[in-house]
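I'd like to ask some things about the structure below.
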Amino acid sequence: MPDRTAARSNDRPRAQGGFGLGDALVLGLSGSGPAQTLAVSLASLVAVSGTGSVLPVLLCFIPMLGIAIGYQRLNRWDPDSGATFTWVGRTFHPWLGFMAGWMILLYYTLGTSSLTIPAGTYTLELLAPRWVDHPLAVACAGGAWNIAVCLLALQGLKVAARFEWVIVIFQYLVLLAVAAAGVWALAHAGTAVAFSREWFTLQGAGGLRGLTGGIVIACFMYSGWDAAIYVNEESTDRVNNPGRAAIASVVILAVAYAFCVLGYQAVLPAAQLQSHAGNALAVIATRLLGRPWGTLMSLAVLTGTLATLQAAVISAARVSFSMARERVMPRVLLRTDPHSGNPRMATAIMGSLNLVLLALVLSSGSIASALNNIANSLGLIAILFYALTGAAAVWQGRALLSRSAGDLVLGGLLPAGGVLFLAWVAIESVRNGATSPAVLAWGAGSLAVGAVITTLLHLSGRGGFHRRPDTSVSQPEGSRS
């Protein structure tokens, strides 16, 4: 089998000026979008897990870390911007690889579209509150931001990274400052709900049903850190840095989410938290530190949403670029900037797709309802492609597991544990009703469309990737370093 990495050396995007470990890290942190994620998840998390909401966040950490380690090892083996698409296809079957890539594109296109409207809402709340209830105004504001971040991404990865750096630092400073104030108030009996050690027990999390519901939400909160991987072909050390950034992103997110949930969840009575679900973080910040901090928090949520929007466009562009290179997506997606190598056509198309979906939401209530159901199924879709990647990591490196205790733990036990955990979450969320039949149906329908496409590609013989299965077992590149 020829060296695929060498074969791609003249056919990969490049980042001008070098895209380093720190740049990949901020992209991974932006992909998860902690400010925006907490803004939309906190009330729901507390609704299902009560004041035990920190527990599901902590329980998700080790399995998610195991999956991130799987990404790291697979990236050392084959640093391809398609990531899961390529790895699953080479390890298991090209058909399954396409389905994995399809899931990632669903996640990053429909998920990005779901960010566009909140971006418009927060902009109007800050600048023109009287227009917040006008759907057209919200759509125009959100669409303008979508165009802006897409144009920024078209300037090249290093330019986009500078934007991400500023937002990540601001976002985390605001989130952690308010969380610290919340923990201080909690320690001094200044919150609506008093602290109890029961918060860290199964009973405090609402029993098994409440804990499971909280874990589903927590999995959604963590998702997005893999954005650090899709820029591997443009990284200065593409074999090692993207994997390190992915692992560091998961660790930082775990600490930040646990600390913020602990500091925020008890500030307001449960009923008030639910009634302010749309702007809960701003209300909490105002309650703890005064009105200016409420405005700062709204600004952190807005800018964090824009950073996540850009990270999603960048990720979708790289995955679709890799799929086009393997002839399972239109070849037009391979057009790059002649100077920077930035995949400009894939970036422009993925950014434009968000505007098309936004227009569909604006034009029809039925389409809006459909897109909402699909967006709600994205957490389950993310669980599936994370689990597929973890399974591919274990299977591809199976011959190395007996080499040392470290390989057994890092290459086998942790990724396999992550896969089993995510499988349990998916099954349990359906069994106990945390995932509704409508959401499940739309998610399955979306995957069925991908299955039809890859089957037609295979039958027509147009997909080059479908003709090159690779089930070889080899030592991950760079694993000896």
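Just so it is clear, none of the values below were taken in a lab; they were calculated from the coordinates. Treat the numbers as computed from the prediction; the structure is a model and nothing was measured. Because the Cβ atoms are built from the backbone with ideal geometry, glycine has one as well, and the counts that use them run over all protein chains shown.
Report the rotationally averaged projected area of the chain based on its alpha-carbon convex hull, in square nanometres.
Hull-based average projected area comes out at 21.8 nm².
For labels at R331 and S196 in the simple 7 Å Cα→Cβ model, what's the distance in nm?
In this crude spin-label approximation the distance works out to 6.6 nm.
Order these by the 10 Å Cβ neighbour count, fewest first: S49, S402.
Ordered by Cβ neighbours within 10 Å, fewest first: S402, S49.
Are there DSSP H segments in the chain that both extend 18 Å or more along their axis (alpha-carbon positions) and score a mean Kyte-Doolittle hydropathy of at least -1.0? List them, or say none.
TM-like helix candidates: 34-49, 54-77, 94-127, 135-154, 157-187, 207-222, 241-264, 291-325, 344-363, 378-396, 414-431, 437-460.
Shifting gears a bit: For the chain, what does the helix formula give at 222 nm: sum of -39500 (n - 2.57) over DSSP H segments with n ≥ 4, over the residue count, nearest 500 deg cm²/dmol?
Mean residue ellipticity at 222 nm (helix-derived): -23500 deg cm²/dmol.
Taking amide H positions as placed 1.01 Å from N in the peptide plane, with prolines and chain starts having none, which residues 5 or more places from S235, or on another chain, fall under 5 Å of its amide H?
Sorted by chain and number, the residues that satisfy this come to none at all.
Return the distance in nm (one decimal) between the two label points of a simple spin-label model at V255 and H188, each offset 7 Å from Cα along Cα→Cβ.
Between V255 and H188, the simple spin-label model gives 2.5 nm.
Would you mind estimating how fast the range 266-368 diffuses translationally, via Stokes-Einstein at 10 °C and 1.306 mPa s with the Kirkwood radius over Cα pairs, in µm²/s?
Estimated via Stokes-Einstein, D reaches 94 µm²/s.
Please give the peptides 447-458, 226-237, 137-148 ranked by average Cβ packing (other Cβ atoms within 10 Å per residue), highest first, as a rough proxy for protection.
226-237, 137-148, 447-458
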